[in-house]
Each structure stands twice: as structure tokens, then as C-alpha cells.
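Encoded as C-alpha cells, the structure appears first; notes follow it.
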Amino acid sequence: MLPDFRVRQRDYLLEISRALTEELDLERVLARIVRVSAELLAGRACLIALRDPSGWQVAASYGIDPSFLRRVDRMLADIPEHAEPERFEFPEVSSRLQRVTRAASMGLLSGVGLPLIAREELIGVIFVFRGYEGSFSAQDRAVLQAFASQAAIAVHNARLYSEVIAQKQHLDSVVDSAADGIFILDNRFRFQRFNRACSRMTGHDETDVLGLEHREIIRWLDREEGPTLEEAARSGWPQSERATLYVEGGLLRKSGEALPVGITYAPTLAAENRLLSIVANIRDITKFREAEELKSTFISIISHELRTPVALIKGYVGTLRREDAQWDPTVIDDSLGVIEEETDRLAAMIEDLLDASRLQAGALGLNRAELSLAPLLERMLARFRTQSDKHEFSLEITADLPSVNADEARLRQVLSNLLSNAVKYAPAGGKIRLQCRQESDSVILCVQDEGPGIAAEDVTRIFDRFYRGQEMSKRSKGTGLGLYLAKAIVEAHGGDIWVDERVKDGARICFSLPVWQDEARRKT
């Protein structure tokens, strides 16, 4: 029969073994070890100090006053790091703990320190506080060594588990914060992960998706040529071909709407070519589709708009060069006038395209200065009166109109675009009104015509690049860049541009510019 204290020691070792195999939470493991340590060595209290790259610090305690723990923490903070911590750091820690224990208890308490060594690395120390002196037999030392070894392994494993949990949480945060959708399927194509971007794109919550089959959530309204995931799997993918699979098309969302997406499926295979899982990346390609449409629109518009002036120029030049004809000076002058007009059209078109390119590159510069509007507006209307005898131009300016802070050349470009549109889209003639007034710290300018107006479906897109409404396209030619550039110039000045939808007879487009502020006002 074993003596009672040997039975208790055996039971304590068994409890530590259970802690090792059953408990992986570091905080609970440490709490269990300090309690058992105190009871195993008949101590009054116990603490565990752990060693990590930042130094030594108390990680758990049992039966110790918090004020004493703070004192121990300060004492451990300046333990010098050594290449052989077991030989040098552990004795120093034990010695300091002994001294602070005797000083704090006026010699009534002593302590026993045991190193925690796992995989030949010193990870910490267990220090038990006792109220009596005593030596340890060889068997006591063997029991204590076994206990310390078990405790060290438990702490080491719990630390590893905590690191794994922290890494998993970090990975989860990365996956959930990704801009693209990421989902993971098991080898039977059932959802295991579904990040927030996936939920945003599909309309399905992660909690509703997990465990469902891929085909229940990823459904296509239409798609580009190529197999779906299920079709590729029936053909032997990915075992037959380890390359990624890409599927593009209109993904049906939970609401029933379609979203243009591209999904890349990357398989994870075991050594024996067995499918473990599939990691899929889903990307919203709406902007790519829009860019493609914009590119097609650009090519279509530019090719059409270039063809007409080039054909006219070539035709008139070819006619004038005929050697079998003698042309009247009036015919020659008219022909050269057409050539000049079409050349100006080409130059204006090229300049608009260059401005659009500069705008995309962020290089649309402004030379802003104090500008008086009244003379500029009068000059603009005078020029347009000579270009159209069907329209009546009027200028309405409020009294005491302040100067604006603007680039005169760019402002002429905006006004020219708006007035040209008023003339172009009101071919029957009528009144074209240019109005200017002050509102607070801005000056508001409006151009209004008496044409058929702007269709309701075009109002929200009229300032888009290359956009031309169906009715606009029928009425006149154009690249769809005029209002786009006007908007960019106005916004570069710090203003805004909009369609006044209150006007029903004709179209009215307004924009704002900041009032000029002199240096004195700026400083106040």
C-alpha cells in the first residue's frame, strides 16, 4: 500500500496528464497547474512566470495578493536575456523570487522553483510558496521533475493551440475583409466557407449557405462558353487536369437579378490525386463589362463621326483637283469653306478626345484667376448669333454680379458645349436664354432652349462619357463627350452641373462656379 501523500502525488500527476490531453485553453491550463502545484508541494500559493521574446512575466497565480504580483512583475521585467536560459535565466529568476518572497513575508515564507522545459526549451518557471523549510528526497525530486515536465508539455501545447486559434482568427479576418468573394467547397461541392463579399454579391447569408450544395447557390442566367463546375467535374476535372477552372456570366442573385461575375475554382488535391477541397474566388465584373461596352461605343461613335468629315474633305479635294474641269471662284471658295468647316470639326473632335484622355489620367489642369463674367458671356452670345439665324439669343444677368475664380479658356469650352447643344437640339429655332445669378458663395449659370427637351431616362446619364440618348442620336451627330467634359471642368472648379427638371418646354442645364475671394477675405 502506498502512503497517503504518495497516492495524492500520483493523483496530482494524473490530473496534470488529463489537463494535457483534455484542456487546450492556455488560461485554464495555467490556472489548473498553479492550483495543483500548490497542493502537490503543500504550499500556500503558487505562480507561473512564462518566458517569451518580450521577456519574463507572471502568467497565472494561486493564493497571491495582486499587489505582490505587481511587485514580482517589475522584478522580472529586467531579467537579462541569455543564449542558455536554462543555465542562466532560470537560476536568476528563482533567486529573485526567493529574495522578494523572504522580504515580503519577513522570512516567514520560502519558495521552490521548478523549470518548465518543453522540447529542450525553457518556457517558464513554476514557483511554489511554502511556510516551512525542508529538503527533498530523491523520490520527491523525481516526482517534482515528472510534474514539471507534464506541466511544461501542457503549457507548450496550449500555447501552440492559442497560436493556431490566433492564426485562424487572422485568416478569417483576411478572408472576410477581402473585396472579392471567397468560398470554400468540400470534395462533395458543399459550402464550408462563404465570406462577406460573397454574401453581398449573391444576397445569401453565410449561415444559410453552409452545408448546401454549390449548384443550389451558384446559378447562372447566362454565361460565356465553357463548362460549369458540375459539368467540368463530370468530365473528370480536376483529377484529369489540375488547372484552375474559370466560369463567367450572369449570376442569379437571391433577389432574382443577375450580376456579371467571373468565378475561378482552384482545387486542393491529396498526394494520391484525391480531391480535398475547392477554393473559389468570385469577382464582380460589372465595371469590366461596362468598360468593354464603352470601348465598343467609342469605336462605333468615333469611326462614324470621323468617316463623315473625312469623306467630305476627300470628296471636295478630289473634285477641285480634277484636270478636266474649270471651277468658278465662287465654287472654289464654297468648297474650301466646307473643307475648313469639316477640318475644324475634326480638330474639335480630336481636342475633345485628348481632353477626355487627360481627364482619365488626372492631367486636366486649370489656370484659375479672377474672371468677370458679363463681358465673357456677351462675347459668347455674339459669336453664336453669327452662326444661327433661326435662334434668338438673350442674356439675363443680375445686378452686382461678382467675379468668379475660374479658368477662362475652360469656361468658354463649357459654355460653347451648352450653347452648341441648345442650337443643335432645337433645330426649329426659338429662344436660347443664357442666365446668370449669384446664390450665396456661388454664381449659377443656366442655358435654356425651346427644343423637345431631354428624355427622363437620359437625365441621369447625360453627363456620362460617350453617352448619347436614342432621341439625341437621331437628331444630330456627336461623340457624346461635350457634356462629359463640361461636367469634369465644372467639378474641377469646385462647382456642380445638373439638368433642371422643372423646365418642361425645352431643356435647361445649369452649373455653379465659386465666387472669387481676394486675399483679405481668404485670411479672415
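The values are calculated or read from the model by the stated rules, or taken from the named source; none is laboratory data. On a predicted model such as this, the values are computed, not experimentally measured, just so you know. Cβ sites come from the backbone with ideal geometry, for glycine too, and all protein chains shown count toward neighbours. Note: accessible area is taken over every heavy atom of the protein model, side chains too, but ligands, DNA and RNA are not part of it. Shrake-Rupley method; radii C 1.70, N 1.55, O 1.52, S 1.80 Å.
Accessible surface of the range 192-295, 1.4 Å probe: 48 percent of it comes from carbon and sulfur atoms.
Excluding same-chain residues fewer than 8 positions from Lys314, which aspartates and glutamates have a Cα within less than 17 Å of its Cα? Correct list for Lys314: Glu305, Glu323, Asp333, Asp334, Glu340, Glu341, Glu342, Asp344.
Here's the list of aspartates and glutamates a cross-link from Lys487 could span, going by alpha-carbon distance under 15 Å and ignoring same-chain residues fewer than 8 apart: Asp352, Asp355, Asp407, Asp464, Asp496, Asp500.
Estimated from the Cβ-Cβ distance and a Förster radius of 30 angstrom, the FRET efficiency linking Leu354 and Glu392 is about 0.30. For Asp496, the solvent-accessible surface computed with a 1.4 Å probe is close to 80 Å², ligands and nucleic acids excluded.
Just the number please: accessible area per residue for the range 164-289, 1.4 Å probe, all protein chains included, in Å².
Details: 7120 Å² over 126 residues.
On a per-residue basis, 57 Å².
For Phe90, the solvent-accessible surface computed with a 1.4 Å probe is close to 30 Å², ligands and nucleic acids excluded. Per-residue accessible area (protein heavy atoms, 1.4 Å probe) orders His82, His170, His204 as His170, His82, His204, starting from the largest.
Solvent-accessible surface of protein heavy atoms, probed at 1.4 angstrom with all chains present, puts Lys431, Lys504 in the order Lys504, Lys431, largest first.
Ranked from largest to smallest solvent-accessible area, with a 1.4 Å probe on the protein heavy atoms, Trp56, Trp327, Trp220 come out as Trp327, Trp220, Trp56. Any of Lys390/Lys424; Lys390/Lys431; Lys168/Lys254 with alpha carbons more than 19 Å apart? Name them for me. Violating the 19 Å limit, Cα to Cα: Lys168/Lys254.
For the range 167-263, just say rounded, prolate or oblate: build the C-alpha gyration tensor, square-root its eigenvalues into a ≥ b ≥ c, call rounded for a/c under 1.5, and beyond that prolate if a/b exceeds b/c, oblate if not. It is oblate, given that a/c is not under 1.5 and a/b is not larger than b/c. Estimated from the Cβ-Cβ distance and a Förster radius of 35 angstrom, the FRET efficiency linking Asp400 and Asp505 is about 0.70. The simple Förster model, with R0 at 35 Å and r as the Cβ-Cβ distance, assigns Arg215 and Val164 a FRET efficiency of 0.60.
Counting heavy atoms of the protein chains only and a 1.4 Å probe, report the per residue accessible area for the range 360-460 as a whole number of Å². List each step's numbers first, then the result.
On the way: 5050 Å² over 101 residues.
Dividing the accessible area of the range 360-460 by its residue count gives 50 Å².
Annotation: Ser372 carries an accessible surface of approximately 70 Å², with a 1.4 Å probe and no ligand, DNA or RNA atoms counted.
In terms of packing, defined here as the mean over residues of other Cβ atoms within 10 angstrom, the peptides 43-55, 244-256 line up highest first as 43-55, 244-256.
A 1.4 Å probe run over the range 49-109, with the rest of the protein chains in place, finds 61 Å² accessible per residue. For Lys504, the aspartates and glutamates whose Cα comes closer than 14 Å to its Cα, not counting residues fewer than 8 places off in the same chain, are Asp449, Glu450. Of the accessible area of the range 60-126, computed with a 1.4 Å probe over protein heavy atoms only, carbon and sulfur atoms account for 51 percent.
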